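Beneath this line is the structure, given in structure tokens, with notes to follow.
Read the figures in this text as sums done on the coordinates, not as results from a lab. Small disclaimer: the values here were computed from a predicted structure and weren't measured.
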Amino acid sequence: MEKLEDGDPRQRRHIGGDAAPATRKTDKCEEERGGEANDDEKIILRIIRTHGPLFVCENPSLFLRTLPQARKKHYRSDHLSIEELEYLGHSFDIVFKNEQDSHRRACLRERHATFCRVYRYLTDEMGLRLRHGSQFGAAFIGYRDVSGHGEYLVYLGPLSRLEEVAAVRVARSVAKEAWVAEEQQDGSGFSFTRLSPSVSGRASRETPRQLVMGTNGPKTVS
């Protein structure tokens, strides 16, 4: 079983940009002067209702070009999980149509705080595309290419020995690798344990971070 201790700090990355037309918050004084809104102002992402634990966005085209993994197989693409919503909240100004949905966001964010943090870490630091992995008993399915086959099942640890064995069996049954993510006590990031052998044919000495970053980003030393 291979262990990677990754202490790299999490970095904030913005994804709005010029990917799609958007509405920006405009300062009243700027309007009166006929000037333009401050470039630092965030794009508004409007949440119009909820569907179970998912948040329904008014205009999903604002984020789908830069977060294509948010497309759902069994729901329309305007449905966002709490992890996706919190990730987008670092680049967009999230606005709710009603206060009840805003309160629901706060409750889910508190309840799933670790899931939200690991989602952002795996997305920004390791370059993975993530979708929910509840059908496999995992936290997330990790993709290198979101249009292809997911390579990884990511579980939140620590896991018992029996849970590890079960995770490996499930991952092998669907031709994926099983990973366990554990948050560092100092809050500097996450450590990852690869439970199952690589399904990609790479050398076993490669860590989860090296396997991913070798494809999606710069090669890093663990």
*asked:* Based on alpha-carbon centroids, what's the gap between the stretch 88-137 and the stretch 47-70 in Å, whole number please?
replied: 11 Å
*Extended-chain gain in nm, criterion 0.36 nm per residue less alpha-carbon gap, S147 and A106*: 11.6 nm
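Quick one: Kirkwood hydrodynamic radius for the stretch 109-153, alpha-carbon pairs, angstrom, one decimal?
Radius from the Kirkwood sum: 10.8 Å.
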